[in-house]
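The values are calculated or read from the model by the stated rules, or taken from the named source; none is laboratory data. Since the structure is predicted, the reported quantities are computational estimates derived from the model, not experimental observations. Cβ atoms come from the backbone with ideal geometry, glycine included; neighbour counts cover every protein chain shown. Accessible surface areas use protein heavy atoms only, side chains included; no ligands, DNA or RNA. Shrake-Rupley method; radii C 1.70, N 1.55, O 1.52, S 1.80 Å.
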Amino acid sequence: MKRAPLYLKVAVPSPLYRDFDYLPPADTDAALFQPGVRLKLPFGRREVVGVLLETAVRSEVPAAKLKAARKLLDVAPVLPQEMLALARWAADYYRHPIGEVMQALMPVSLRQGKAAVLPAVPRWQLTQAGLAGDPAELKRAPKQRALHALLQRHPEGLAGPRLTEELPQAAAAVKALLKRGWLEDAVRHAQALEADIPLPVMEGAPLNAAQQAAANAVTAALGGYQAFLLDGVTGSGKTEVYLAAIAAAVAGGRQALALLPEINLTPQTLARFRARFGEVAAYHSGLNDGERLATWLAARDGRARVIVGTRSAAWLPLRSPGLIVVDEEHDASFKQQEGFRYSARDLAVVRAQRASIPVILGTATPSLESLHNAAQGRYTRLELPERAGSARHPSLRLLDIRSRPLVEGLSDLLLDAVKRHLGAGGQVLLFLNRRGYAPTLMCHDCGTPEACKRCDARMTLHGDRRLVCHHCGAERPIPRQCSHCGSESFGAFGQGTERVEQALTELFPDAGVARVDRDSTRRKGSMEQILDEVQRGERRLLVGTQMLAKGHDFPNVTLVGVLDADQGLFSADFRASERMAQLITQVAGRAGRAERPGEVLIQTHQPQHPLLQHLVREGYGSFAAAALDERRLAALPPYAAFALLRAEAPAQAAPTAFLEAARELFAGRRAPGVQLLGPAPAPMERRAGRYRAHLLLQASQRAPLQKLLAAALPELDQLKSARRVRWSVDVDPISLD
Ligand code: ADP
Ligand code: ZN
Ligand code: ZN
């Protein structure tokens, strides 16, 4: 055994911006200390699990203060070297402590120090044969038939305990279907798979010309880095392009990873992938810890060839990566909004670059960032301009609601249209834009919103007396009249979904009004139930939030109404108009997918607003071009780099005091081209009993901003005012919330 001095540099789950030095546990072979092994460590009064980053022959920590690690948990690294390097990159880019970044790279059971071996709990799923199997063959075995039907509804499989819950005493039926070859344990199966045996791939439907061209472009790029922006209208067949490109990657013996927003990773999507590639591993929040570990290990060891997952799957280790797909790349859910605030979409691009493989970012409504990257030549743009089936694009129209009577935010114009469509046997979907809700004050007669006098942003109603600018923090009292036309018909517009639902139920008692928002769908299965009732035509009038925009098709919806486009136009958040346009386009895409053409009506006080005009007349692409121009003129992302320093505390004054001190500290370092804006209260100033505020750092170049953060963040904790707040930094924030 070697006895040279050896120090372990370890990433420890802690909010501190550094790694920690330890001595090896007694009597352990020095050769075992490979970067990427886990260690059990004493840390303060706790015992934690850390990951070895590297060994060193020197330590700056005085010998008397050094502690020994308690135990080596792995004989070989659980994390491959390139994942350690990726963690370092991410810690650096997102200015997040390495120990916490490392947590994102491991499933819970590995974080807890459990062994890196497959779990014992089975996950039952139908095989290809089972999925295609005729239930009539099970006529004389009702239990088997019930099991078959249950798993048909859950092509993603059910964990042993879940299955027993849904179908008690199913053991004999499980055995019988196993024997028939219709059933398998996905966990055992994953273990039995071998990385080097080719994966059987089914033929897909023939692609149309645009799809084929897109798939060919990606296939030709396999083996090297290239980023593609697949810009295809809703229903244009993007998924078929992903499947074709994945098939090509897999045929070359590589792995493919597809990232989807949580809400889109439905059993139907998984079934579609599985129908194509018998073996598809999933990684999402519906799995238990053991199942997540199983997928993680199968991905790392190359057994899983096709992996479909949500945001956190962006961190899956891959033995031989071949292709990464990000579906709905514009979706805000790819950005983690708490703790380690990474963007899975951006990470996917970085990983593709580092692994020299192509990445596809697909969407009907590209983010302005991605459009900008495409315009700069960093991404290759691929277009699918037509819907794959027979459906036609719906027409969009603005409703000028200035000075019109409103019932819970519903104008007479919109209500007339609702009546007309319901009368003609159509279904209607009404949509409220509720994200990051902070009302703008606006004149009902001329539509003029109150703007900040110091910067270009809109003022937001705060409490019921103050107007606040969330960019620069300026404040003033609410005026009595419109500064433009003098009208006193002045106020905040926009209602909660519940009140709109109530009003609609009274106005249209026979329409079967349904509400779809976070509250009404919290109970498991309630969303499915509502959707079922919509499909059966029992519910013909739906009112909901952005949840309605995603993933679901409503073939009989003929009218989509958008109640409050103005909230998107004049929000405190500069990204709000982009999000609004995406949502309107996505909801519009949900309607009239079959033979019935759809109509989309958008209520606004600003019928002349150029962005709305672009959207309505020429579609999302034209809107995006105009919005990008605005961003460029205002020096906003993607033409500038942002970082947001947030602070919160139970005492109202504490966050601002801390941010003032932070501002001083930043200002003292004089970073060229970095502007400090604020402190300002957050749009929702009080949440869960805490007051929240932020300081915005805005820079024309990323490098000086990164340098400033790197130098200053470790010092923030030394500020006296830091002790009274919780603070965090958000690089590339997607909202000021
Ligand atoms: P997107 O992902 O762009 O919304 P999908 O891939 O889900 O579109 O395709 C929309 C619908 O069109 C699906 O029902 C799909 O099966 C069908 N489809 C896609 N491509 C083709 C094609 N080449 N021929 C026939 N149908 C297609
Ligand atoms: Zn006015
Ligand atoms: Zn301002």
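Structure summary
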{"read-out": "Cα-based Kirkwood hydrodynamic radius, the range 610-730, one decimal, Å", "value": "15.8 Å"}
{"read-out": "Per DSSP, loop GluC sites (Glu not before Pro) in the range 446-490 with at most 14 further Cβ within 10 Å", "value": "488"}
{"read-out": "Per-peptide average of other Cβ atoms within 10 Å, ordering 221-228, 278-285 highest first", "value": "278-285, 221-228"}
{"read-out": "Computed [θ] at 222 nm, helices only, for the chain once each DSSP H run of length n ≥ 4 contributes -39500 (n - 2.57)", "value": "-9500 deg cm²/dmol"}
{"read-out": "Reach of residue 71 by Cα under 13 Å, taken over aspartates and glutamates that are not fewer than 8 positions away in the same chain", "value": "27, 29, 47"}
{"read-out": "Candidate residues 111, 632: accessible-area rank, largest first, probe 1.4 Å", "value": "632, 111"}
{"read-out": "Residue-by-residue Karplus 3J(HN,Hα) for the range 168-183, coefficients 6.51, -1.76, 1.60, Hz, glycine and proline x", "value": "x, 6, 9, 3, 5, 5, 4, 4, 5, 6, 4, 5, 6, x, 8, 10"}
{"read-out": "Rounded, prolate or oblate (a/c below 1.5 giving rounded, otherwise prolate when a/b exceeds b/c) for the range 324-386 by Cα gyration tensor", "value": "oblate"}
{"read-out": "Separation between Cα centres of the range 250-278 and the range 3-67, rounded to whole Å", "value": "39 Å"}
{"read-out": "Distance from the range 346-417 to the range 291-317 (C-alpha centre basis), Å", "value": "29 Å"}
{"read-out": "Note, ³J(HN,Hα) from phi for the range 640-653, Karplus 6.51, -1.76, 1.60, rounded to Hz, x at Gly and Pro", "value": "8, 9, 10, 9, 10, 9, 10, 9, 8, 6, x, 8, 4, 7"}
{"read-out": "Residues whose placed amide H lies under 5 Å from that of residue 448, excluding near-sequence neighbours", "value": "443"}
{"read-out": "Packing rank of 400-413, 692-705, 130-143, where each peptide gets the mean count of other beta carbons within 10 Å, highest leading", "value": "692-705, 400-413, 130-143"}
{"read-out": "Heavy atoms of residue 263: accessible area, 1.4 Å probe, square angstrom to 10", "value": "60 Å²"}
{"read-out": "Kirkwood Rh and Cα Rg combined as Rg over Rh, evaluated for the range 229-279", "value": "0.96"}
{"read-out": "Heavy atoms of residue 485: accessible area, 1.4 Å probe, square angstrom to 10", "value": "70 Å²"}
{"read-out": "From phi via Karplus (6.51, -1.76, 1.60), per-residue ³J(HN,Hα) for the range 225-241 in Hz, x at Gly/Pro", "value": "6, 7, 9, 10, 9, 8, 9, x, 4, 3, x, 7, x, 4, 4, 4, 5"}
{"read-out": "Entries in 143/524; 114/143; 114/179 that, when Cα-Cα distance is taken, lie over 28 Å", "value": "114/143; 114/179"}
{"read-out": "13 Å beta-carbon shell around residue 725, net charge (K/R +1, D/E -1)", "value": "+4"}
{"read-out": "Cα-projected label distance for residue 134 with residue 179, points at 7 Å along beta-carbon direction, nm", "value": "2.2 nm"}
{"read-out": "Percent carbon-and-sulfur accessible area, the chain, ignoring ligands, DNA and RNA, probe 1.4 Å", "value": "50 percent"}
{"read-out": "Whole-Å semi-axes of the ellipsoid equivalent to the range 1-147 (Cα gyration tensor, √5λ, descending)", "value": "44, 17, 14"}
{"read-out": "Protein-only accessible surface order, largest first, of 666, 508 at 1.4 Å", "value": "508, 666"}
{"read-out": "Order by protection proxy (mean Cβ within 10 Å, highest first), peptides 338-345, 91-98", "value": "91-98, 338-345"}
{"read-out": "Largest to smallest principal axis extent of the C-alpha atoms in the chain, angstrom", "value": "87, 77, 48"}
{"read-out": "Rounded to the nearest 10 Å², the accessible area of residue 328 at probe 1.4 Å", "value": "20 Å²"}
{"read-out": "Prolate/oblate/rounded call for the range 93-246, Cα gyration tensor, a/c under 1.5 rounded", "value": "oblate"}
{"read-out": "Accessible-area ranking of 54, 538, 506, 578, largest first, probe 1.4 Å", "value": "506, 538, 54, 578"}
{"read-out": "Of all DSSP beta bridges in the chain, antiparallel share, percent nearest 5", "value": "55 percent"}
{"read-out": "Accessible area per residue in Å² at 1.4 Å probe, computed on the chain", "value": "43 Å²"}
{"read-out": "DSSP bridge orientation in the range 248-352 - percent antiparallel, rounded to nearest 5", "value": "10 percent"}
